[in-house]
1. Looking at the range 54-68, which of its residues are open to solvent by less than 100 Å² (accessible area, probe 1.4 Å) and not in a helix (DSSP H, G or I)?
2. Would you check if there is a residue in the range 30-38 being without any contact (Cβ under 8 Å) to a residue 12 or more places away in the chain, over 23 Å from the mean Cα position of the chain (by Cα) and open to solvent by 100 Å² or more (accessible area, probe 1.4 Å)?
Amino acid sequence: MASFFNRKIVKFGLPFMMLIVGGSFGLKEFTQLRYQFRNVSPVTPEYAKKYGIEMKKPGEVTLEKEYEKIKNLDIDNWEQVRGPRPWEEKIES
């Protein structure tokens, strides 16, 4: 029995074949996700509003408008402010 496990085909070939066959089954599961969620519809503004989320209209936010907002910021004069740590919270009594 020990000589059976010391053969090259059992020592190297069998694990290789198991990896190839097992990998194909594993890849099947991952590629199935692509097709499973392909037909999921995007979130509609009505659906988001039902949960209290206000969505902007598609043409309302553009790269140019956001650039105009950022262009007017003064990035040369700023002060670093340390935020409170969770253990430094004030206990109100």
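The values are calculated or read from the model by the stated rules, or taken from the named source; none is laboratory data. Nothing here was measured: the structure is a model prediction, and the numbers come from that model. A quick note on method: Cβ atoms are made from the backbone with ideal geometry, for glycine too, and the neighbour counts reach across all protein chains shown. Side chains are part of the model used for accessible areas, which takes the heavy atoms of the whole protein and leaves out ligands, DNA and RNA. Shrake-Rupley method; radii C 1.70, N 1.55, O 1.52, S 1.80 Å.
1. Within the range 54-68, the first condition is being open to solvent by less than 100 Å² (accessible area, probe 1.4 Å), and the residues that meet it are 55, 59-62, 66, 68.
Scanning the range 54-68 gives MET55, GLY59, GLU60, VAL61, THR62.
2. Start the filter on the range 30-38 by keeping residues that are without any contact (Cβ under 8 Å) to a residue 12 or more places away in the chain, which leaves 30-38.
Okay, now just the ones that are also over 23 Å from the mean Cα position of the chain (by Cα), so none.
Looking through the range 30-38, none of the residues is without any contact (Cβ under 8 Å) to a residue 12 or more places away in the chain, over 23 Å from the mean Cα position of the chain (by Cα) and open to solvent by 100 Å² or more (accessible area, probe 1.4 Å).
Residues checked against (1) within 30 Å of the chain's Cα centre (by Cα); (2) open to solvent by less than 100 Å² (accessible area, probe 1.4 Å):
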position: ALA2; (1), (2): no, yes
position: PHE12; (1), (2): no, no
position: LEU27; (1), (2): yes, no
position: VAL43; (1), (2): yes, yes
position: ILE70; (1), (2): yes, no
position: GLY83; (1), (2): yes, yes
